[in-house]
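Enquirer: Have a look at the structure that comes next, please.
The values are calculated or read from the model by the stated rules, or taken from the named source; none is laboratory data. Computed from a predicted model, the values in this text were never measured in an experiment. A quick note on method: Cβ atoms are made from the backbone with ideal geometry, for glycine too, and the neighbour counts reach across all protein chains shown. Please note that ligands, DNA and RNA were not included when accessible areas were found on the heavy atoms of the full protein model with its side chains. Shrake-Rupley method; radii C 1.70, N 1.55, O 1.52, S 1.80 Å.
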Amino acid sequence: MTDIRSMGAKMSRQQTSCHVASIKVSKKNIVMKCFIIAFFLVAIFQLFGVSRDYENYARFFSEAREYGFSYVRNHLFEPLFSYLSFVVSSVFKNNVMVYSLLAILSFSIKCFALRRVSRNWFILFVALTFYGARFFPLHEMTQIRASFAASFLILAMVYIYQQKNKRSLLCGIATIGFHLSSLVIVPFACYLKKHWRKRDVFFLSIVFFVLLLITKVFLLDFLASHISKLDSYQSLEYGGKVSWHARTVILDILLIICGFSFWKRSDNLMRQILFSQVLGILCYYVFWDYAVLAHRIRELLSIFWVLYFPLALNKRGNIRRVMSIFIFLNIALYFHLYFVSVHKIF
């Protein structure tokens, strides 16, 4: 009789825990769907305005629709983006709809990845709000190919964190298929060092910095022979040279310093993300006279902050409070840069 009662109590507890878990999952799904719907409306009605890259993509959609698969196959865009765009543009004749569907598909991949590392619906809400403020206008609404690459980078890092190595590798390959420049970033997403120590980060960062300085001219010559636009980078939108005291860079440097101050409270993935951000800052200053290259490398690496923040918010104590402040600062700063400042992109 006692055994029957204990079994009944155990089954009751299991049912209760499953019910609580389903509520948590359903709340996360509601948050995801609300963001996806809201951002789709932003894209389809172009509520931010028309980005400066949109016309190039709209022309590609129209020409892919008109000239067919042979045109897409030989286009300069990366193959996975070209094929996916061809399929969507063949079904939908409106280019705004095509772009919006691609944008929301890219964002949905990020939602799926962030849901897997967010402990509850509120942390997921904060993470998606941060992404929406800092990256959504620049990626989904402007650099759609980079947006897909970033989506698969994040998903690859989530899978490697969960020790699903094959899935992580497939996502890494997909990343390159959407944006070739992400090739140098993929190792950070598909390989997780078992144990990071502070001195490892400092030593590897110094070695990387010295090697980059020594090989800078060779690397630029090599890239120039494969990327025809590299020679004209100095005359493009960033004025040829980076700002040594850019507010966005200073904010990330402060965030890195705070991250190292919480080193003992950080898990291995958070530590690897901090290392990747250090490398991004080093690349930014090494390539100071090739501003577009410097910005692109740092921007691609900075996408990992999207994972760092929910992991930090999963912790208890001061790390959660400090990172909440940085999330707020990011939201405020990037809203100003994208929509208010003289360099706004919309």
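Enquirer: Please specify each residue of region 41-74 satisfying the condition of being surrounded by 18 or more Cβ atoms within 10 Å (Cβ to Cβ) and of a type outside the set (S, T, N, Q). Walk me through it before giving the result.
Expert: If we filter region 41-74 for residues that are surrounded by 18 or more Cβ atoms within 10 Å (Cβ to Cβ), which is where we start, we get 42-43, 51, 57, 60-61, 64-65, 72.
Across region 41-74, the qualifying residues are V42, A43, Y57, F60, F61, A64, R65, V72.
Enquirer: For region 60-79, which residues satisfy the criterion of being touching a Gly at 6+ places or on another chain (Cβ under 7 Å) and within 22 Å of P137 (Cα to Cα)? Outline the logic, then answer.
Expert: Looking only at region 60-79, we keep the residues that are touching a Gly at 6+ places or on another chain (Cβ under 7 Å), and these are 78-79.
Once the filter is applied, which keeps residues that are touching a Gly at 6+ places or on another chain (Cβ under 7 Å) and within 22 Å of P137 (Cα to Cα), region 60-79 yields only E78.
Enquirer: Now a separate question. Provide a single number: the residues in region 94-126 that are within 17 Å of F48 (Cα to Cα) and not in a helix (DSSP H, G or I).
Expert: Of the residues in that region, 0 qualify.
Enquirer: Go through region 257-284 and report how many residues are within 16 Å of L300 (Cα to Cα), of a type in the set (A, V, I, L, M) and within 17 Å of the chain's Cα centre (by Cα). Explain how you work it out, then say what you get.
Expert: First, pick out the residues of region 257-284 that are within 16 Å of L300 (Cα to Cα): 272-284.
From what is left, the residues that are of a type in the set (A, V, I, L, M) are 273-274, 278-279, 281-282.
Filter once more, keeping what is within 17 Å of the chain's Cα centre (by Cα): 273-274, 278-279, 281.
Going through region 257-284 one residue at a time, the tally reaches 5.
Enquirer: Within region 179-194, can one find any residue that is in contact with a helix residue (DSSP H, G or I) (Cβ under 6 Å, 6 or more places away or on another chain), surrounded by fewer than 20 Cβ atoms within 10 Å (Cβ to Cβ) and in a helix (DSSP H, G or I)?
Expert: Scanning region 179-194 turns up at least one residue that is in contact with a helix residue (DSSP H, G or I) (Cβ under 6 Å, 6 or more places away or on another chain), surrounded by fewer than 20 Cβ atoms within 10 Å (Cβ to Cβ) and in a helix (DSSP H, G or I).
Enquirer: Now, a different point. Looking at region 76-93, which of the residues that are out of contact with any Lys or Arg (no Cβ under 8 Å at 6 or more places or on another chain) and not in a helix (DSSP H, G or I) is farthest from V306 (Cα to Cα)?
Expert: The selected residue is F92.
Enquirer: Under 29 Å from L307 (Cα atoms), open to solvent by less than 30 Å² (accessible area, probe 1.4 Å) and modelled with pLDDT of 90 or more: is that true of S108 in this structure? Before the answer, list the steps.
Expert: Details: under 29 Å from L307 (Cα atoms): yes; open to solvent by less than 30 Å² (accessible area, probe 1.4 Å): no; modelled with pLDDT of 90 or more: yes.
In short, no.
Enquirer: Out of curiosity, is L101 modelled with pLDDT of 85 or more, in contact with a Gly (Cβ under 8 Å, 6 or more places away or on another chain) and open to solvent by 30 Å² or more (accessible area, probe 1.4 Å)?
Expert: Working: modelled with pLDDT of 85 or more: yes; in contact with a Gly (Cβ under 8 Å, 6 or more places away or on another chain): no; open to solvent by 30 Å² or more (accessible area, probe 1.4 Å): yes.
When the stated conditions are applied, L101 does not pass them.
Enquirer: Quick one: count up the residues across region 127-153 that are assigned to a helix (DSSP H, G or I) and open to solvent by less than 30 Å² (accessible area, probe 1.4 Å).
Expert: Our first condition is that a residue be assigned to a helix (DSSP H, G or I); within region 127-153, this holds for 127-134, 144-153.
Now narrow it down to the ones that are open to solvent by less than 30 Å² (accessible area, probe 1.4 Å): 127-128, 130-134, 144, 146-151, 153.
So the answer is 15.
Enquirer: Test V158 against the criterion of being open to solvent by 20 Å² or more (accessible area, probe 1.4 Å), over 18 Å from L80 (Cβ atoms) and among the β-branched types (V, I, T), and give yes or no.
Expert: Details: open to solvent by 20 Å² or more (accessible area, probe 1.4 Å): no; over 18 Å from L80 (Cβ atoms): yes; among the β-branched types (V, I, T): yes.
No.
Enquirer: Are any of the residues in region 229-245 under 27 Å from F326 (Cα atoms), assigned to a loop (DSSP other than H, G, I, E, B), modelled with pLDDT of 85 or more and under 24 Å from the mean Cα position of the chain (by Cα)?
Expert: Among the residues of region 229-245, at least one is under 27 Å from F326 (Cα atoms), assigned to a loop (DSSP other than H, G, I, E, B), modelled with pLDDT of 85 or more and under 24 Å from the mean Cα position of the chain (by Cα), which makes the answer yes.
Enquirer: In addition: Go through (1) touching a residue at least 24 places away in the same chain (Cβ under 8 Å); (2) part of a helix (DSSP H, G or I); (3) of a type in the set (D, E, K, R); (4) open to solvent by 60 Å² or more (accessible area, probe 1.4 Å) for K28 and report which single condition fails.
Expert: (4)
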